[in-house]
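Everything on this sheet refers to the single structure shown next.
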Amino acid sequence: MFYYRGEKILGITPESNLHEYIGGLAQQWEITNSDEAKNTLNDLLSLQRSTEFEPFFHQPSKELSKIQKDISKGLGIDVNSVALVKSAYAWDICRAVSLAKWCYWAGYLTEKETWEVMKAASEVAAAKGKNWSDYTISFLLGRTIQGFDLDEMIVESKQIFTGKGPALRKIEDVDIYARYAFLN
């Protein structure tokens, strides 16, 4: 999500107007203070939203099949690899990490609390996922099932997935999957 939003993938300091983040937290997440931030982050780390999607994976449908085919095509991988992923856990985990950074920037979390959220997110991802492929597919499944357009995110996802950014400009840390092992 960082790359999609134009933020540094591994950056911890804001590069744009903090008022945009504070407004976004209030409007999109209903977060205006530390307690609300921590409650929302706990919900994400406990996979509350993505768990609601579980029945979707156990009842094959034309909609799920189309999403899987679109992800397969967008990432350039076999549809069977996509079909093996039966969870949207990474949708909540990715949002928890993003939200922790934004809450830190807004002053709702300390730096220590932000790193604790990121560590907890890493532990949940390691427990639920197998590798970066599984994580990426899980994220895209969750985002698409949630109602977002896959086309908005698939190009950036493929660039991170393959470690190859756009030809005309260098993207810092686009090779993150190659440089950092998926711990499980």
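The values are calculated or read from the model by the stated rules, or taken from the named source; none is laboratory data. Computed from a prediction, not measured in an experiment: that's the story for all the values here. Using ideal geometry, Cβ is built from the backbone for each residue, glycine included, and neighbour counts are taken over all protein chains shown.
Filtering the range 18-31 to residues that are part of a loop (DSSP other than H, G, I, E, B) and either modelled with pLDDT under 95 or surrounded by 14 or more Cβ atoms within 10 Å (Cβ to Cβ) (or both) leaves only ILE31.
Out of the residues in the range 61-82 that are in a helix (DSSP H, G or I) and among the acidic types (Asp, Glu), state the one that is surrounded by the fewest Cβ atoms within 10 Å (Cβ to Cβ). Among those residues, the one meeting the criterion is GLU63. GLU113 fulfils the conditions (1) touching a helix residue (DSSP H, G or I) at 6+ places or on another chain (Cβ under 9 Å); (2) loosely packed, with under 13 Cβ neighbours inside 10 Å except for a single criterion, (2). Considering the conditions (1) among the β-branched types (Val, Ile, Thr); (2) part of a loop (DSSP other than H, G, I, E, B); (3) within 15 Å of the chain's Cα centre (by Cα), ILE137 is excluded by exactly one of them, (2). For the range 92-135, the tally of residues that are within 23 Å of VAL82 (Cβ to Cβ), among the β-branched types (Val, Ile, Thr) and at pLDDT 95 or above stands at 2. Of all residues in the range 140-157, those that are on the phi < 0 side of the Ramachandran plot and either in contact with a strand residue (DSSP E or B) (Cβ under 9 Å, 6 or more places away or on another chain) or in a loop (DSSP other than H, G, I, E, B) (or both) total 3. Go through the range 95-128 residue by residue and tally those that are in a loop (DSSP other than H, G, I, E, B) and touching a Phe, Trp or Tyr at 6+ places or on another chain (Cβ under 8 Å). Total satisfying the criteria: 1.
Among the residues of the range 83-94, those that are outside any loop (DSSP other than H, G, I, E, B) and either over 8 Å from GLY142 (Cβ atoms) or not small (Gly, Ala, Ser) (or both) comprise ALA83, TYR89, TRP91, ASP92, ILE93, CYS94.
Restricting GLU36, GLU15, GLU7 to residues that are at pLDDT below 95, more than 18 Å from the chain's Cα centre (by Cα) and not hydroxyl-bearing (Ser, Thr, Tyr) narrows the list to GLU15. Inspect all residues belonging to the range 118-133 and state whether any of them is free of Cβ contacts under 8 Å to residues at least 60 places away in the same chain and farther than 20 Å from LEU183 by Cα. Checked against the condition, which is being free of Cβ contacts under 8 Å to residues at least 60 places away in the same chain and farther than 20 Å from LEU183 by Cα, the range 118-133 yields no hits at all.
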